[in-house]
Amino acid sequence: MSDLLIQKIDVIATLDDDASELHGYDILMQGSMIKTIGRNIPPPPGAKIIDGRGKVALPGFVNTHHHMYQIYTRDLPRTANALDIFDWLKVNYDIWHEIDPELVYVSALVGLGLLLKTGCTLVSDLFYVFPDTADKKLIDAEIQAAKDLGVRFHPCRGAMSLDQSQGGIPPHNVTETDEDILLDYERLVNTYHDPSPYSMLRIALAPCSPFSVTSNLMRKTIKYAREHSLQCHTHLAEAHLEDVWCAEMFGMRPFEYMESLDWVGPDVWYAHSIYVNEKEIHRMGEYKCGVASCPVCNARAGHGIAPILEMRKQGVRVGFGVDGAGGYGDMIAEIQTALVLHRLASKDMKPLTNEMLRIGSRGGAQVLGWEELGSLEPGKAADLSLIDTHQLDYAGCIHDPVASIVLYGANHIVDTTIVNGKVVVEKGRLVQVNEEEVIDRANRLSKEFITRAAKSTGMDYSLVPLRQTE
Ligand SMILES: [Zn+2]
């Protein structure tokens, strides 16, 4: 791997402990890490040189929650206008039953590609649909896509094992047995997991949600994860319906249920966590739990705004996630929306743009347990994005260009993304795959997928649910 020198960057938002901003500095990357940040660094022989003038450099963002396979169903009128979360899931489960490795592979090229283009360098995705009919190597297909694009990846081996006959929400044909799931954890960890610093791939374990997995699987998962130093992830306290369901099923609130399973600690992160009270937030902080907040998805679904500012005050680790069909898939849009929503919701804790950028980068890295990411400092991973501020979007914004990226910008596509010392987005385009081919392939697959599902269920997915047409 040759050295990479970015020269005379307009502004470097280091997001280090002092939130330093450096003007007119260079960044030298050697191998997997940032070697030096300074003025007029002499170019090492053979180094690739990038002109940083007119650009803002940010640490790579970290996406902490997603379901990339949902691209094919995200604009279906029947599900995009679902009545509530359980209605949305039940209609989707029947469609997702038709999933296969090619659908997963291409959706991952799309999801990971868009995240790279909006400045993400480490992505976590939670894939949890393993139909009884499908080839089970579906996480493997996502991993191949991440390698083909050159993005750092933290896939979660999701799972569902509590079917409707046991009181769960999913139908039997998209669930697996606890034993099969545990065996696949082992296969994936043995095949792919790389815990070393500057790793490109680590595996996390993620039984999907309280209403789709057994308590037995939750207990066995956390035990296996702790024996192998893995991170664990699940959905928690996303909707009021989940509160009601947990009260009926376990006689507990969702977070109390996690405590009862020992699913708390610095190796656990939850998605959403909107419905948590003050005492629970305090305990989450004491345990050092992590939260993947998904403001766009939560707002669109009408679920609410997660109390992340209070969580951070109490010691909870917080990052952002673009979350499947419910979000835009765009990390900068997620950060912008978070700022707007939290300014609207907060009484006396109006967040600053810098705090939102920090949650998007360093916060996410802490949530996933990748401490070598999230800030631009010597010794940190060679990951960053360069944003071209010489665009109409930012015209006149010469006083605080870093803040202007969170406050403005119709076009969130970065100029350059570098992962592990390698340029993977150049002039706003993916370097390692042909975007037009990916788009055409995704559209063709989407048509085939939904046609297949409609044939098997007899449903017309072009119709919006009844309540909204009355
Ligand atoms: Zn989710």
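Of note:
- Lys447 versus Leu466: modelled label distance in nm, points set 7 Å from Cα along the beta carbon direction: 3.3
- Extension gain for the segment Tyr287 to Thr177, taken as residue separation times 0.36 nm less the Cα-Cα distance, is 36.6 nm to one decimal.
- Crossing angle, helix 178-192 versus the chain [Cα axis fit, 0-90 degrees, rounded to tens]: 20
- Farthest positive-ward along the stretch 323-470 dipole, Cα basis, beta-carbon charges - from Leu339, Gln391, Val423: Leu339
- At the listed q of 0.08 Å⁻¹, the Debye profile of the chain, built from one uniform point per Cα, gives log10 I(q)/I(0) equal to -0.44.
- Separation of the stretch 73-149 and the stretch 429-470, taken as the distance between their Cα centroids, equals 12 angstrom.
- Calculated FRET value between Asp100 and Asn40, using beta carbons and R₀ = 56 Å, to 0.05: 0.55
- Asp243-Gln164 pseudo-label distance in nm [points 7 Å out on the Cα-to-Cβ vector]: 2.7
- Virtual spin-label span in nm between Lys347 and Asn81, 7 Å along Cα→Cβ: 3.8
- Paramagnetic reach from Ala454 (point 7 Å along Cα→Cβ, amide N under 20 Å) across the stretch 90-111: 90-100, 103
- Over 25 Å between alpha carbons, listed pairs Lys279/Lys313; Lys147/Lys223; Lys48/Lys380; Lys136/Lys380; Lys137/Lys422: Lys147/Lys223; Lys136/Lys380; Lys137/Lys422
Each value in this text was obtained by applying a stated rule to the coordinates, not by laboratory testing. As the structure is a prediction and not an experimental result, all values here were calculated from the model. FYI the Cβ positions are ideal-geometry reconstructions off the backbone, even for glycines, and counts take in every protein chain you see.
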